[in-house]
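Working notes, structure below.
The values are calculated or read from the model by the stated rules, or taken from the named source; none is laboratory data. None of these values were measured; they are calculated from a predicted model. Virtual Cβ from ideal backbone geometry, glycine too; neighbours counted across all protein chains shown. We work out accessible area using only protein heavy atoms, side chains counted, and drop any ligands, DNA or RNA first. Shrake-Rupley method; radii C 1.70, N 1.55, O 1.52, S 1.80 Å.
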Amino acid sequence: MMLGPGSIEWGSKRSALEKFNYGANDLALCDRHQGEWVGLMNVPHLQLGISDAALMAASANPNGEIELHPHRKFADSRLGALVAAVHAEMVAGFPNGRLFLDSIEQAMAVTLVSGHAVRQRPVQFSRGGLGPARLRRIRELVHAKMEDELSLDEMAQSVGLSTAHFARMFRKSTGETPHQFVLRQRLERAKAMLRAPDARVLDVAVACGFKTQQHFAQAFREIWGVSPTEYRQDLVGSETTCACETCSADAPRLVIAG
């Protein structure tokens, strides 16, 4: 994806190059096995590689071959949005981790196979979803690795499914992508931990698998509507005075709502 205006000279050999002018967000698709990109490059860009495994998993015929049609210059709103998400993640220092990038790669593979394969085949979607035992196993894995990096491959392997098949079945079962599910589980734990009066926001962020306190605060606000600090302040503000005869009338008692 082009990040600004510029030009690229494309060709199978340097003696037969063709120049293309680009604007920001224009896309180009080439096969790394065919040496398509051999010309001069004069444009800021983000170059991403999609693994053969991801493309095969996105195909309705995983035992066949996937051949993508090269495009020197084209537009695809869904593919462009996915590449832009990767760029934003890179600029931010990859705060969402491996699982987020795995999910983006799977979505890009489905888009490429369904819209840019030379021999287009329908993408196969599974009916039903994951059973209770597999969902329980995933939940246990997520909680066991709350502080660690977790990949889509690891989640799929834990229930004996291919990565693409697992991602589709999981969303059908939960209404969430694996990344959304893991993020919500981490934020649920963070909310519970913040109720402890001596818990520091930074310690909670690390314990819940966030790489930076800034990313933790941003994700927390997006889900709960307040920052972690504001949430703590709301808890402190919910203190009330105990009216029982055995307690001092001036002694504060913390009441946790919800």
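Quick notes on this structure:
- Residue order by solvent-accessible surface for 19, 145 is 19, 145, largest first, with ligands and nucleic acids left out and a 1.4 Å probe.
- For region 44-54, 3J(HN,Hα) per residue [Karplus equation, 6.51 cos²θ - 1.76 cosθ + 1.60, θ = phi - 60°, Hz, x = Gly/Pro]: x, 8, 10, 10, 10, x, 9, 5, 4, 4, 5
- Between residue 192 and residue 68, the simple label model (points 7 Å from Cα in the Cβ direction) yields a spacing of 4.1 nm.
- Net length gained if the chain between residue 84 and residue 226 were fully extended (0.36 nm per residue, minus Cα distance): 48.5 nm
- The heavy atoms of residue 230 offer some 70 square angstrom of accessible surface to a 1.4 angstrom probe.
- Taking amide H positions as modeled 1.01 Å from N, with prolines and chain starts lacking one, the residues under 5 Å from residue 68 and 5 or more places away or on another chain are 118.
- Between residue 9 and residue 207, the distance separating the two model label sites (each 7 Å from Cα on the Cα→Cβ line) works out to 6.0 nm.
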